[in-house]
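The values are calculated or read from the model by the stated rules, or taken from the named source; none is laboratory data. Owing to the predicted nature of the structure, the values given are computational and were not obtained by experimental measurement. Virtual Cβ from ideal backbone geometry, glycine too; neighbours counted across all protein chains shown. Ligands, DNA and RNA are excluded from the accessible area calculation, which covers all protein heavy atoms including side chains. Shrake-Rupley method; radii C 1.70, N 1.55, O 1.52, S 1.80 Å.
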Protein chains: 2
Amino acid sequence: MKPGIPKGTRDFNPIEIQKRRYIISKLQANFEKFCFSPLETPSFENLDTLTGKYGEEGDRLIFKILNNGDFLSEARKKMPDIEQWNSKNITASISEKALRYDLTVPFARYIAMNQGNISLPYKRYQIQPVWRADRPQKGRYREFYQCDADVVGSESLWYEVNFILLYDASFSDLKIPVEIHLNNRKLLAAIAEYASIEDQLIDFTVALDKLDKIGLDKVLNEMKEKGIAQTSLQKLIPIIELSGSFEDKITRLKEILTDIEVGQKGIEEMEFIYHSAKQIGLKSADLIFNLTLARGLEYYTGTIYEIKAKNISIGSIGGGGRYDNLTEIFGVKNISGVGISFGLDRIYLVMEELNLFPESAHKKKQILFFNFGEKESLQALKLIQELRGKNISCDLYPEKLKLQKQFTYAEKNAIPFVAFYGETEINSKTLSLKNIITGEQKTLPISELETFFS
Amino acid sequence: MKPGIPKGTRDFNPIEIQKRRYIISKLQANFEKFCFSPLETPSFENLDTLTGKYGEEGDRLIFKILNNGDFLSEARKKMPDIEQWNSKNITASISEKALRYDLTVPFARYIAMNQGNISLPYKRYQIQPVWRADRPQKGRYREFYQCDADVVGSESLWYEVNFILLYDASFSDLKIPVEIHLNNRKLLAAIAEYASIEDQLIDFTVALDKLDKIGLDKVLNEMKEKGIAQTSLQKLIPIIELSGSFEDKITRLKEILTDIEVGQKGIEEMEFIYHSAKQIGLKSADLIFNLTLARGLEYYTGTIYEIKAKNISIGSIGGGGRYDNLTEIFGVKNISGVGISFGLDRIYLVMEELNLFPESAHKKKQILFFNFGEKESLQALKLIQELRGKNISCDLYPEKLKLQKQFTYAEKNAIPFVAFYGETEINSKTLSLKNIITGEQKTLPISELETFFS
């Protein structure tokens, strides 16, 4: 039998793992510094917790878990006429659990289940894998990590400001130059009202969102195809073409949306958030008012964020926004929230591409002690145990083979140091070390090893 | 809809997560110090990678994933006569993937898939969840973490010695007093040969393994019931009753098993491992030669380990041993290996019970800045950003509410410090801090905050 792994999944080798841990540790440290509490939820949820939350397409991509035991007899009891069975109507009878599709619905489920114990505003972060039966392609996997931070139970715009600071701090730590694109659902709604296309808000924004990729002409074509009238398009074009500084755009929008209440509200929010962030001062990120940003519009109700890495064309590496009533579906009403997400796999690709992983993130710091036979090995292990106690990674080669063979093992395993601890060294309480990469060799007193390796 | 989670699964709250991370970080640090490389494999494997590896009972406990798409039509194509369908014969037609049941089979699959890239001996550690459709009960979950370290591709007994050192170092770091029980499959085989019950080796050891729990009489009864003859039992009793020091036991075994080759080999291995570990010296663990230890005998071929926490009755918190041909099932022959496992959930229970989690593992170190209005909040966020940059976790309360309400939020969230940063403090470049637990309050210059919190 030739073994393989399911398509869209990955084994991670040590270097990949260390690099992923590096990213995760930076994100986690920032989540903690921003006072988010960690949450971990089970890998699978009850099927009915997940279905109906991601639209028809999403539902199809949920991995369902087959019931254990005699699932077929159970299904027959529920639907005796087997001829009537099809994949859709039988699923709930043979599967009552499913792998989580994102971290948001489990988060909402958690809040609803623990209302009594959670004091609002509740800030949580969650870094866990999710699973989707998407068609695998470059950079898209069936198992991947999401890194989310959300706060629910407050409408305070200070949280919006804090998420900008969080993005800035995290990407500054990772040394990724980014643009934080900002928009507001209220502005999009106001623009639609201004152009008399309130009923076509989704069509309008779905097309608008593609501006970067396909250009203005094609965006307008798509809007036309969706039935947006020429008179409306005429009103939209100058807004879409708005350029200049934040102040320029806001000034024009104030004029254009002057009679539209939701527009004024959106402008107010945007000004507060933008100016606060600017006055606090960002470490490295650029803040960009991007009126064409619309991601997941059906979900968001206020501020919308999207992160783009500079100097590389890879799409969004993070995003989020303000939403209402996340928990309503589980019976808990009127909880507004705002949250953001970091795209681990894309961040990884950017860091590889821009060569941003520091060597220390993945380079081994190990010593391989050569094996000179039983007596010396015992002495070596005594020393090895002592060094490990001082946080130095080291190991004894398991057999007394020719030194060349032992040396090759160190090379193949990218172990940077080999150690000679034979009779001479044992008697003189020294250790001879060779740096495999530089070829440099020196003999050190045992007492100086800790300093040498720190 | 009232939300819940599947039975046997858990949400982890912040304190539980911090405590689990504490254990995992200690184990991981030791795995790294002992030069094991990390490996991560996908949560699900191809179904045929897993089935047939865990016995009939194990197969039943594997969580299978329902194929996406029109699985029923696909199944009908493969087995058109629906009347013939049952839960057993249809599973492979509607499910081609399954959640991993342990970390060992994915490890073997990984080795077999990557033979060309792996240089032997190959040492890996893996800390990931596994899933089993076991009946949930106290301390037994359907989703739980395994923490494994293995080395394959060498028969060197130095690895056996190293695993004793690894257990000792890890449990010393966690401050859990433990006994490391040692046995050897070769000794059990030799004893069976001595008592002329080679064909009943499994029955013999399964009964023997229960000695601690049910006592000698019941063990002998069970053996009798399994058909072990009275003459054999007479030969077994003095061996089972062997007591005294390691040396006492070995001396007697040498006499008893004098003509049995595999017994002499077992004694030799045991002496080498025991004496080496003793001479290197353990930090805190006791080493115990336990002839009744037999866990997973069908699998192990040499040394067997089991860890028992002292001062608490909770069963094994770790175990492992030497095995052969782990990868044979995937077509890679003659790779001997040895490995151990740590039981995270049980270790957690022991540490809770013995009160071994240090406060620093889970206690928050956060500051909540009170909100005195927009102007002050902006200044506060500037300072907060600076402090976060110095690794101090802090946050601004989102609304200008009565101080009592803001204070209550800090209390409910176990935030130890609240900070007053009003006009006076802003002008004098100070911060007034109150320790919620002690009630102590003091005003510090901004420049001294970093020192104060470190």
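Return a single number: how many Lys pairs in the stretch B:217-294, at a sequence separation of 8 or more or on separate chains, have alpha-carbon atoms below 25 angstrom apart.
Close lysine pairs found across the stretch B:217-294: 14.
Considering only protein heavy atoms and a probe of 1.4 Å, how much of the accessible area of the stretch A:364-452 is carbon and sulfur, as a whole percent?
49 percent
For A:K363, give me every one of the lysines with a C-alpha distance below 16 angstrom, ignoring sequence neighbours fewer than eight places off in its own chain.
Of all the lysines, those that pass the test against A:K363 - Cα under 16 Å, at least 8 places apart if same chain - are A:K19, A:K412, B:K33.
Give me the mean projected area, in nm² to one decimal, of the convex hull enclosing the Cα positions of the stretch B:207-247.
The orientation-averaged projected area of the Cα hull of the stretch B:207-247 comes to 3.1 nm².
Let's see if you can work this out: charge +1 on each Lys and Arg Cβ, -1 on each Asp and Glu Cβ, no other charges. What is the dipole magnitude of the stretch B:195-348 about its Cα centre, in debye to the nearest 20?
500 debye
With a point put 7 Å past each Cα toward its Cβ, work out how far A:E411 is from B:K333 in nm, to one decimal.
3.1 nm
Among the aspartates and glutamates, select those whose C-alpha is under 20 Å from the C-alpha of A:K402, and discard any that sit fewer than 8 residues away in the same chain.
Here the aspartates and glutamates satisfying the reach criterion relative to A:K402 are A:E374, A:E376, A:E411, A:E423, A:E425, B:E155.
How far apart, in nm, are the 7 Å Cα→Cβ label points at B:S313 and A:I436?
Reported label-point gap for B:S313 and A:I436 is 5.1 nm.
Taking only Cα atoms, what is the 0 to 90° angle, nearest 10, from helix A:104-113's long axis to the longest principal axis of chain A?
That helix lies at roughly 80 degrees to the long axis.
Given label points at 7 Å from Cα along Cα→Cβ, what nm distances, shortest first, separate A:R140 from the same residue in every other copy?
Nearest first, the other copies' label points are 4.2 nm away.
Quickly estimate the mean residue ellipticity at 222 nm for chain B, helices only: each DSSP H run with n ≥ 4 gives -39500 (n - 2.57), and the total goes over all residues, rounded to 500.
After summing the helix terms and dividing by the residues of chain B, the value is -13000 deg cm²/dmol.
Taking R0 as 45 Å, what's the FRET efficiency between A:F272 and B:A92 from their Cβ-Cβ distance, rounded to 0.05?
Result of the calculation: an efficiency of 0.15.
Averaged across B:6-16, how many Cβ atoms of other chains sit within 10 Å of each residue's Cβ atom?
That works out to 5 on average.
Distance from the Cα centre of the stretch B:399-454 to that of the stretch A:118-139, in angstrom?
34 Å
What total accessible surface area, summed over both chains, is buried at the interface between chains A and B, computed with a 1.4 Å probe and given in Å² to the nearest 100?
9200 Å²
Can you find, among A:A414, A:T443, A:F372, the residue farthest towards the positive end of the dipole of the stretch A:364-452? Put +1 on the C-beta of Lys and Arg, -1 on that of Asp and Glu.
Final value for the positive-end residue is A:A414.
I want the local charge near B:I5. Using Cβ-Cβ distances under 13 Å, sum +1 for each Lys or Arg and -1 for each Asp or Glu among the other residues.
+1
Take the Cβ-Cβ distance between A:R21 and A:D134 as r, set R0 to 35 Å, and report the resulting FRET efficiency rounded to the nearest 0.05.
FRET efficiency, A:R21 to A:D134: 0.90.
Tell me, in nm to one decimal, what length is gained between A:R60 and A:K375 on full extension, where the rule is 0.36 nm per residue of separation less the Cα-Cα distance?
Result: 107.0 nm gained on full extension.
Within the stretch A:89-107, what residues put their amide N at less than 16 Å from the label point 7 Å along the Cα-to-Cβ vector of B:D70?
Of the residues in the stretch A:89-107, A:89-91 have backbone N under 16 Å from the label point off B:D70.
Run down the lysines and flag those whose C-alpha is under 16 Å from the C-alpha of A:K405, throwing out any fewer than 8 positions away in its chain.
Of all the lysines, those that pass the test against A:K405 - Cα under 16 Å, at least 8 places apart if same chain - are A:K434.
Residues of A:38-50, mean number of Cβ from any other protein chain within 10 Å of their own Cβ, rounded to a whole number?
Partner Cβ neighbours, averaged per residue: 6.
Heavy-atom accessible area per residue, the stretch B:364-452, 1.4 Å probe: how many Å²?
51 Å²
Determine the per residue accessible area of the stretch B:131-205 with all protein chains present and a 1.4 angstrom probe, expressed in square angstrom.
Result: 33 Å² per residue.
Round to the nearest 0.05 the FRET efficiency obtained for B:F246 and B:N114 when R0 = 35 Å and r is the Cβ-Cβ distance.
Result of the calculation: an efficiency of 0.30.
Output ³J(HN,Hα) for the stretch B:219-224: one whole-Hz value per residue in order, computed from phi by the Karplus curve 6.51 cos²θ - 1.76 cosθ + 1.60 with θ = phi - 60°, and x for Gly and Pro.
Each residue of the stretch B:219-224 in turn: 4, 5, 4, 4, 4, 4 Hz.
If you put a point 7 Å past Cα along the Cβ direction, how far is that point for A:E353 from the same point in each other copy, in nm, smallest first?
5.3
Quick one: compute a quarter of the convex hull surface over the Cα atoms of the stretch B:364-452 and quote it in nm².
Reported value for the Cα convex hull: 5.2 nm².
Non-local amide H neighbours of A:I335 (under 5 Å, H modeled in plane, Pro and chain starts lacking H): which ones?
A:N325, A:L326, A:T327
Sorted from shortest, what are the nm distances separating the label point of B:T443 from equivalent points in the other copies, each placed 7 Å from Cα along Cα to C-beta?
6.6
Roughly what would the spin-label model give for B:K390 and B:D324, points 7 Å off Cα along C-beta, in nm?
Spacing of the two 7 Å Cα→Cβ label points: 6.4 nm.
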